[in-house]
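Have a look at the structure below, then the notes.
The values are calculated or read from the model by the stated rules, or taken from the named source; none is laboratory data. Everything numeric in this text was worked out from a predicted model, so none of it was measured. We place every Cβ from the backbone using ideal geometry, glycine too, and count neighbours over all the protein chains shown. Just the protein is used for accessible areas: all its heavy atoms, side chains included, with ligands, DNA and RNA removed. Shrake-Rupley method; radii C 1.70, N 1.55, O 1.52, S 1.80 Å.
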Amino acid sequence: MNWKNTLAALVFTGLGFAAAALAVNTVSVIVQKTSIRKDSQFFAPTVAEAKHKDQLTVIEEKGAWLKVSHQGKEGWIHISAVSSRAVGEKKGVLSFGREEAAKVSEDEVTLAGKGFSKQVEDEYKKQKPGLNFAAVDAMERVDIPLPDLAAFAAAGNLEGREEER
Amino acid sequence: MRRALFLIAVCAAAASLLLSAPAGGIDLGTFNKVLQHSDAIIKSGKALRKGFTELTAEEEYYIGRSVAARLLGNFKPSPDSGRNTYINTVGQLLAAYSSRPETFGGYHFQLIESDEINAFAAPGGLILITTGLYRSLENEEQLAAVLAHEVSHVVLKHGLSAIKSSRLTEAFTIIGTEVAQERSPAEVAQLTSVFDGTLDDIVNKLVVSGYSRGQEEEADREALRILYKAGYNPQGLLEFLKVLMEGEEKGKGKGFYSTHPPTEKRLKKAEGSLKDEKLFSETDSVRTSRFAAHKL
């Protein structure tokens, strides 16, 4: 067998790998940081942290929650933290309909940092000195830890009613 | 996913070339053509984005930051850290029960000094409440109702919906669909100019024209559900709307009243939603006492 035929064989093997890759569902984290939790509840203990652009493997779906695997750990994440091209879809790869293209776009734009981004904000700040970004930064630093939120709820006799949404 | 698409495209192109290849297999020159051909397949599949719903979570965040920075350039943030912590605790708890508990930068709340009764929800979750509004509240259920309502505007992307479609088309055209390359200074300047216009559209909605009545009612419905799921008594929203109605007579045309539709209709709709969805719950006096400790 000459090397040209070997190359052809490799190309077809690639086809096999591609098909396999498609069978695995992965989602991309679209928020700055998020927790992967022991259960499908907001106040369940954290098993791992994930950050923007992390790729997670989807194991299971339950309502608005996904069971995912990340860096060897398994746990639950809310669907609002990940890209929409995820879950339960087995779209044919050659379906270049607008919906599929739009979903591909979100990830690519995010990955490339090409949309309204820090670069645009930095440029904007230079042009408009009257804006109060210091106050915005101060606002963003106020993050009440989840255990404190849970304690506040308990102290106020607030019994959460978690349901599928 | 893009890698998988690329592999499939490579193989599809390879298969089509192999079928037409001379006996003896393919050579490297042809393989190069395969790669270019497959890239073209992917390019032709990409469409420019169109509506505000296609803005990414990260873009929503940067838009929201600048909207808030504009507002905070005009309204002084209250230095009252005790009450700010309190409203952040109630607000972040409520956001956890919404249908979009996670945004790029999360939900954050800030008291701003103004006698007007008003609140502003910047896209992405930066929410401002005037001291005038806070002073009008009678208990924690009503505070939760106001915060749940503002969170709902963020969840439902009502702020983003204000962006003119022509503005979005311009932005999406400049941003394009290509990945990897750095933007030229000219492109950055263009995009920043469109960004400015985007902020104009949103700030105008928040401060001048207000949301539509449909959007207010939608936010009220979502707020009632959030309150119920969090364990609050959704009646708090109805109570707050009644407080507003009393203020409406006194403060016609100013602040809140110029940017919100007549409260009586909102109240009737909200009462209807509460009954239809059976969102009945009790107010616990523990919460009323805790609010009293934070009363302005």
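Checking each residue in segment A:52-74 for being part of a loop (DSSP other than H, G, I, E, B), closer than 15 Å to residue A:29 by Cβ and more than 12 Å from the chain's Cα centre (by Cα) picks out only A:71.
When the residues of segment A:36-51 are filtered to those that are in contact (Cβ under 8 Å) with a residue 24 or more places away in the chain, open to solvent by 20 Å² or more (accessible area, probe 1.4 Å) and assigned to a strand (DSSP E or B), which remaining residue is nearest to residue B:100 (Cα to Cα)? Per the stated criteria, the residue is A:46. Taking residue B:167, is it within 19 Å of residue B:63 (Cβ to Cβ), open to solvent by 50 Å² or more (accessible area, probe 1.4 Å) and in contact with a Ser or Thr (Cβ under 6 Å, 6 or more places away or on another chain)? Here the answer is yes, as residue B:167 does meet what is asked.
Condition test on residue B:59, is it free of Cβ contacts under 8 Å to residues at least 40 places away in the same chain and closer than 13 Å to residue B:157 by Cα? When the stated conditions are applied, residue B:59 passes them. Those residues that are assigned to a loop (DSSP other than H, G, I, E, B) and more than 7 Å from chain B (Cβ to nearest Cβ), I need them from segment A:115-132; list them, please. Once the filter is applied, which keeps residues that are assigned to a loop (DSSP other than H, G, I, E, B) and more than 7 Å from chain B (Cβ to nearest Cβ), segment A:115-132 yields A:128, A:129. At the interface with chain A (Cβ under 9 Å from one of its Cβ atoms) and among the charged types (D, E, K, R): does that describe residue B:102? It is true that residue B:102 is at the interface with chain A (Cβ under 9 Å from one of its Cβ atoms) and among the charged types (D, E, K, R).
Out of all the residues in segment B:53-83, which are at the interface with chain A (Cβ under 7 Å from one of its Cβ atoms), modelled with pLDDT of 95 or more and either assigned to a loop (DSSP other than H, G, I, E, B) or open to solvent by 10 Å² or more (accessible area, probe 1.4 Å) (or both)?
B:62, B:65, B:70, B:73, B:77
Hey, any hits in segment B:108-120 for a residue that's part of a strand (DSSP E or B) and small (Gly, Ala, Ser)? Checked segment B:108-120: at least one residue is part of a strand (DSSP E or B) and small (Gly, Ala, Ser). Against the list (1) in contact (Cβ under 8 Å) with a residue 12 or more places away in the chain; (2) open to solvent by 10 Å² or more (accessible area, probe 1.4 Å); (3) at positive phi, the condition residue B:215 fails is (3). Does segment A:70-91 contain at least one residue that is of a type in the set (Ser, Thr, Tyr), at pLDDT below 95 and more than 30 Å from residue B:198 (Cβ to Cβ)? No. Of the residues in segment B:260-277, at least one is among the hydroxyl-bearing types (Ser, Thr, Tyr) and farther than 23 Å from residue B:101 by Cβ.
Each row is one residue, and each column tells you yes or no for (1) loosely packed, with under 14 Cβ neighbours inside 10 Å; (2) under 15 Å from residue B:145 (Cβ atoms); (3) at pLDDT 90 or above; (4) of a type in the set (Gly, Ala, Ser).
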{"residue": "B:219", "(1), (2), (3), (4)": "no, yes, yes, yes"}
{"residue": "B:225", "(1), (2), (3), (4)": "no, yes, yes, no"}
{"residue": "B:228", "(1), (2), (3), (4)": "no, yes, yes, no"}
{"residue": "B:233", "(1), (2), (3), (4)": "no, yes, yes, no"}
{"residue": "B:252", "(1), (2), (3), (4)": "yes, no, no, no"}
{"residue": "B:258", "(1), (2), (3), (4)": "no, no, no, yes"}
{"residue": "B:264", "(1), (2), (3), (4)": "yes, no, no, no"}
{"residue": "B:286", "(1), (2), (3), (4)": "yes, no, yes, no"}
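Please name all residue pairs, on different chains or six or more residues apart, with Cβ atoms under 6 Å, provided the first residue is in segment A:133-147 and is at the interface with chain B (Cβ under 7 Å from one of its Cβ atoms) and the second residue is of a type in the set (Lys, Arg) and open to solvent by less than 30 Å² (accessible area, probe 1.4 Å). These pairs meet every condition: A:136/B:65. Taking the stated definitions as given, is residue B:282 over 24 Å from the mean Cα position of the chain (by Cα) and within 14 Å of another protein chain (Cβ to nearest Cβ)? Yes.
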